[in-house]
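The values are calculated or read from the model by the stated rules, or taken from the named source; none is laboratory data. Computed from a predicted structure; not experimentally measured. As a convention, Cβ positions derive from the backbone with ideal geometry for all residues, glycine included, and neighbour counts pool all protein chains shown. Side chains are part of the model used for accessible areas, which takes the heavy atoms of the whole protein and leaves out ligands, DNA and RNA. Shrake-Rupley method; radii C 1.70, N 1.55, O 1.52, S 1.80 Å.
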Amino acid sequence: MIGSDDAESCHHDGAARKSHHSDKVKSSLVSRLNRIEGQVRGIKGLIERDTYCDDVLNQIASVQSALNGVGKLLLEHHLKSCVVERIQEGDTDVLAELMTTMNKLIK
């Protein structure tokens, strides 16, 4: 389970669902996304400078890998908080929701 420094909870009131990530997790996610944002701007610059296609494609692969890392981290915390909480509350519909999300992630 997530340690007390990483404690998270998931609140769902009908259609309005929210995750509450710890400051540590939120900071990590935002930091990773800021780096990815910079990488995407860099790729745009490569295109504008007519950089060799293979070099651009390698940078795109790097961004995709970084996004996958963010997705894995978020998925881990979602499983350990929201999914566990909802199952403990008897809400097994979360499993179908999770499978739909996982299918989108592994396309």
*Working only within segment 48-82, note down all residues that are over 15 Å from the mean Cα position of the chain (by Cα) and open to solvent by less than 60 Å² (accessible area, probe 1.4 Å).*
Thr51, Val56, Ala61, Ser62
*Residue under evaluation Gly38, criteria (1) open to solvent by 60 Å² or more (accessible area, probe 1.4 Å); (2) part of a helix (DSSP H, G or I); (3) not aliphatic (A, V, I, L, M), criterion not met*: (1)
*Keeping to segment 92-107, report how many residues are farther than 21 Å from Leu33 by Cα and either open to solvent by less than 40 Å² (accessible area, probe 1.4 Å) or in contact with a helix residue (DSSP H, G or I) (Cβ under 6 Å, 6 or more places away or on another chain) (or both).*
2
